[in-house]
Amino acid sequence: MIKCRTKLGWIVSPWLSLVVVACVAGCGDGRPQRVPVSGTVLIDGAPLSYGFVTFVPATGRSASGQLDKEGRFTLGSYAPGDGVTPGTQRVSVLARESLNDKQAKWHAPKKYKDHDTSGIVIEITEPTDDLQIDLSWGGEKPSIETNS
């Protein structure tokens with residue numbers, strides 16, 4: 001609270017305190033505008049239950065989110081869940097699970113791991129909680145990769 005000195009001594013002005021707090025809160029965090037985005041990743045119609053989704057804008061910071069068992073994700077750029085900058089986003093889905101020091105399982109085709117090869121481009125214009133990203137094995141199947 002802000003204290004004001006009068007002839008009667010110090011008094012507390014709750015209204016002045018409220019105005020100062022509102023001004024400080026309205027100043028923002030100095031970062032680019034972000035909108036909340038969450039959704040689901042499906043592979044051949046079924047939820048992809050392992051991996052990370054990353055949205056990469058033409059300029060600025062990327063946003064990412066981890067998939068849960070239902071294939072759901074929530075994107076964050078600076079902090080978990082704080083959203084993504086509006087605009088065109090190239091998308092990657094990295095679904096590689098390390099099984100041990102020498103083996104990894106791919107839960108989705110490798111082409112989706114890079115936003116340059118995934119072929120997924122999404123325009124974000126407003127907040128959404130039901131974005132759906134559809135992937136396909138295209139005849140491939142989950143595989144175990146062995147590293148030498």
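Since Gln33 meets every condition but one in (1) at pLDDT 95 or above; (2) in contact with a Pro (Cβ under 7 Å, 6 or more places away or on another chain), which condition does it not meet?
Exception for Gln33: condition (1).
Looking at Glu97 and the list (1) in contact with a His (Cβ under 8 Å, 6 or more places away or on another chain); (2) farther than 19 Å from Ser49 by Cβ, which single condition is not satisfied?
Status for Glu97: all satisfied but (2).
Does the range 109-138 hold any residues that are out of contact with any helix residue (DSSP H, G or I) (no Cβ under 8 Å at 6 or more places or on another chain), of a type in the set (Gly, Ala, Ser) and at pLDDT 95 or above, and which are they? Steps first, answer last, please.
Here is the first cut: in the range 109-138, the ones out of contact with any helix residue (DSSP H, G or I) (no Cβ under 8 Å at 6 or more places or on another chain) are 109-116, 121-134, 136-138.
Within this subset, residues satisfying the condition of being of a type in the set (Gly, Ala, Ser) are 136, 138.
Within the range 109-138, Ser136 is the sole residue that qualifies.
Can you list the strands (runs of 3 or more DSSP E) found entirely within the range 47-101 that contain at least 1 residues being in contact (Cβ under 8 Å) with a residue 40 or more places away in the chain and surrounded by 15 or more Cβ atoms within 10 Å (Cβ to Cβ)? Walk me through it before giving the result.
Working: elements: 52-57, 63-66, 72-74, 87-94, 96-98.
Those strands (runs of 3 or more DSSP E) span 52-57, 87-94, 96-98.
Residues of the range 106-119 being crowded, with 18+ Cβ neighbours inside 10 Å, touching a residue at least 24 places away in the same chain (Cβ under 8 Å) and either assigned to a strand (DSSP E or B) or not aliphatic (A, V, I, L, M) (or both), which ones? Outline the logic, then answer.
Narrowing the range 106-119 to residues crowded, with 18+ Cβ neighbours inside 10 Å: 106-109, 112-113, 115, 118.
From the residues that got through so far, the ones that are touching a residue at least 24 places away in the same chain (Cβ under 8 Å) too are 106-109, 115, 118.
Selection gives Trp106, His107, Pro109, His115, Ser118.
Give Thr40, Thr88, Thr59 a once-over and let me know the one that is at pLDDT below 95, at negative phi and of a type in the set (Val, Ile, Thr). Full working, then the answer.
Details: Thr40 fails: at pLDDT below 95; Thr88 fails: at pLDDT below 95.
Result: Thr59 is the single residue among Thr40, Thr88, Thr59 that is at pLDDT below 95, at negative phi and of a type in the set (Val, Ile, Thr).
Of the residues Leu99, Leu131, Leu67, Leu94, which single one is among the aliphatic types (A, V, I, L, M) and more than 19 Å from the chain's Cα centre (by Cα)? Explain how you work it out, then say what you get.
Details: Leu131 fails: more than 19 Å from the chain's Cα centre (by Cα); Leu67 fails: more than 19 Å from the chain's Cα centre (by Cα); Leu94 fails: more than 19 Å from the chain's Cα centre (by Cα).
Unique residue meeting the criteria: Leu99.
The values are calculated or read from the model by the stated rules, or taken from the named source; none is laboratory data. None of the values given here were measured: they were computed from a predicted structure. Every residue, glycine among them, receives a Cβ derived from its backbone with ideal geometry; neighbour counts consider all protein chains shown.
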